[in-house]
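J.: My questions will all concern the structure given below.
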Amino acid sequence: MQFRQHSVTIAVALGSCVAAACGDSAQVQDAAKPDARVADARLADARVDAAPDAAPDAPCDTVLLAPGTLPETQGWTAVTAMPFATTVRPTEVELSTSNGATTSGLLLLTYPTGFTATTPFDLSVELAVDRVDAHNLLDAGAAILLSFTPQFGSGPQRSQMLYLDGAAIGWGDETNQAAFNNVDGNFHDYRFSYDGAGKLEVRVDGSLLLTRMNPEIGTLAIGDQTNDPNVNSTIRVKRVVKHCLR
């Protein structure tokens with residue numbers, strides 16, 4: 001818009017000079033040439049106008065788990081007990097457990113995030129729950145833990161783990177839960193936002209569903225957390241991402 005305004009201004013100056021038959025050719029050339037202030041204004045306008053179209057900075061999100069390759073090659077460790085199965089596909093990593101003769105499967109993918117209780121972070125786990133048995137107190141067939149020590153997690157870690165049941169998410173100690181259909185066949189974004197001062201928020205597909213104060217923070221774990229009989233699952237993980245703090 002600024003360039004068109006300057007062009008109109010210049011055209012009017014020329015037209016006025018011609019109508020008045022003013023001066024010689026040198027004077028006409030001077031009238032046609034914008035002064036330094038106009039040129040500077042045009043340059044500033046060009047910079048402002050170009051800013052929205054400038055190439056954005058490179059994304060600073062970090063993908064911790066991507067499909068198509070074994071989790072172990074991406075820095076993950078599997079904590080397991082038979083029977084279980086891990087299937088790597090181009091678009092997902094499937095984790096599945098079932099009952100055995102005397103126990104049931106355990107399958108957790110774990111990752112040392114480097115997060116601490118004083119570290120703000122924004123982490124998302126994008127996964128789909130195909131089937132899941134109802135959780136028990138401190139045990140879950142489909143779970144996400146923000147702190148974990150093998151083989152099943154400590155009492156505090158299991159208390160604060162997020163369980164994913166068929167129709168709800170909640171904390172392992174059952175202090176709070178929120179209704180949500182996890183088994184609708186779709187991938188959902190389970191997002192953990194921590195302020196570094198003790199407050200954790202859990203959003204699913206952008207909606208705030210749970211909060212927790214002063215959680216233990218450490219190794220991330222995703223999958224079937226227990227070998228209790230009849231507490232199993234099949235989940236598909238699309239990706240895990242550590243987001244930029246904005």
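J.: Within region 81-110, how many residues are in contact with a Leu (Cβ under 6 Å, 6 or more places away or on another chain) and crowded, with 19+ Cβ neighbours inside 10 Å?
T.: Number satisfying all stated conditions: 4.
J.: Taking the conditions exactly as written (at negative phi and either surrounded by 20 or more Cβ atoms within 10 Å (Cβ to Cβ) or in a loop (DSSP other than H, G, I, E, B) (or both)), does ARG236 satisfy them or not?
T.: No; evaluated as a whole, the condition is false for this residue.
J.: Moving on to the next point. Return yes or no: is ASP184 under 24 Å from ALA66 (Cα atoms) and assigned by TED's automatic domain parsing to the domain that holds PRO83?
T.: Considered against the rule, which asks whether it is under 24 Å from ALA66 (Cα atoms) and assigned by TED's automatic domain parsing to the domain that holds PRO83, ASP184 comes out as yes.
J.: Oh, and also: Would you call VAL183 farther than 16 Å from PHE115 by Cβ, touching a helix residue (DSSP H, G or I) at 6+ places or on another chain (Cβ under 9 Å) and in contact (Cβ under 8 Å) with a residue 12 or more places away in the chain?
T.: Here the answer is no, as VAL183 does not meet what is asked.
Per-residue answers, yes or no, for (1) of a type in the set (S, T, N, Q); (2) over 21 Å from the mean Cα position of the chain (by Cα); (3) at pLDDT below 95:
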{"site": "ALA134", "(1), (2), (3)": "no, yes, no"}
{"site": "ALA140", "(1), (2), (3)": "no, yes, no"}
{"site": "LEU164", "(1), (2), (3)": "no, no, no"}
{"site": "SER193", "(1), (2), (3)": "yes, no, no"}
{"site": "THR211", "(1), (2), (3)": "yes, no, no"}
{"site": "LEU220", "(1), (2), (3)": "no, no, no"}
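J.: Just checking, does region 193-202 include any residue being part of a strand (DSSP E or B), touching a strand residue (DSSP E or B) at 6+ places or on another chain (Cβ under 8 Å), acidic (Asp, Glu) and surrounded by 22 or more Cβ atoms within 10 Å (Cβ to Cβ)?
T.: no
The values are calculated or read from the model by the stated rules, or taken from the named source; none is laboratory data. Note that the structure is a prediction, hence the values are computed from the model and not measured. All Cβ positions, even for glycine, are placed from backbone atoms using ideal geometry, and neighbour counts span all protein chains on display.
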